[in-house]
Each structure stands twice: as C-alpha cells, then as structure tokens.
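No value in this document is a laboratory result; all are computed from the given coordinates. For clarity, every value in this text was computed on a predicted model and none was experimentally measured. So basically every Cβ, Gly included, is an ideal-geometry build from the backbone, and we count neighbours across all protein chains shown.
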Amino acid sequence: MNKFFDDYFNIKKIIQSKKEYKQQMKRVNTLPPDYRFVYKKIQEHMWKFAAGAGYDMMEIHCDLLDLFEEGASEGKSVLEITGEDIANFTDELLKNTRTYTEDWKTKFNCEIHNSLSKK
C-alpha cells in the first residue's frame, strides 16, 4: 500500500515527473519530422499499456528518445533504427516493462490458483 501512495499521492514526485515529461517533449520536438512522427506514434501506442502511474513508461520513452537522437545525429533514417516492423520494435520495448496486461495476467492466475488450492 505504501508504494501506491508513493506513486499516486506523492506531490513532489508528480511535479518532478511532469517537469521531466515536458523537458522530454521539448527534445522530441527537435527531432527530424520522421523521427518525431514515429516517436509520438510509439509513445501513443505504449501509453495504452501503462500500468499504475506510468513511471515505467516514462523511463522507456526517455531511452527511446536517446536512441532516436543518436540515430538522427548519425544521419540514419528512423526505420534503420526501428526496422520495418515498428509494432514488433514497440513490443520489444514493452517486454521489460510492467503493463496493465501483465497485472491482469497475474491477477487472473492468482484467482485460479487460490480457488483451486481451497478445494
């Protein structure tokens, strides 16, 4: 329960997170148009899977931005970074992140195991 309050009611943490997000989006807006478009599409897609307060997603978005900035500075096209299958690229980014589907699966399994162990 303490983590819940830390994530959702820690005003200092919320303000800091919003500040970081605004700084991150300023950096996004300096990317070349193709990079910016793909970044925002990936970001939009990933937020659909955010669990909890979304702090895990913020970290991944920051790492993705670093990757895109590096690729752009090297003159690579955005698809050289992501590959042709952007959906698969995004799925790979989400593999190490807590998502609502992961939470749902955990709860689902626990309910069944708890029910079976009562018998």
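Going from the fewest other Cβ atoms within 10 Å to the most, the residues 21, 39 appear in the order 21, 39.
Our coupling estimate for segment 60-76, obtained by passing each phi through the Karplus curve with A = 6.51, B = -1.76, C = 1.60 and θ = phi - 60°, is 5, 4, 5, 5, 5, 4, 4, 4, 5, 4, 5, x, 5, 5, 8, x, 7 Hz, Gly and Pro reported as x. Neighbour counting of Cβ atoms within 10 Å sorts the residues 90, 106, fewest neighbours leading, into 106, 90. FRET efficiency for the residue 116 to residue 92 pair, using the beta carbon distance and R₀ = 41 Å, is estimated at 0.75. Between residue 109 and residue 16, the simple label model (points 7 Å from Cα in the Cβ direction) yields a spacing of 3.2 nm.
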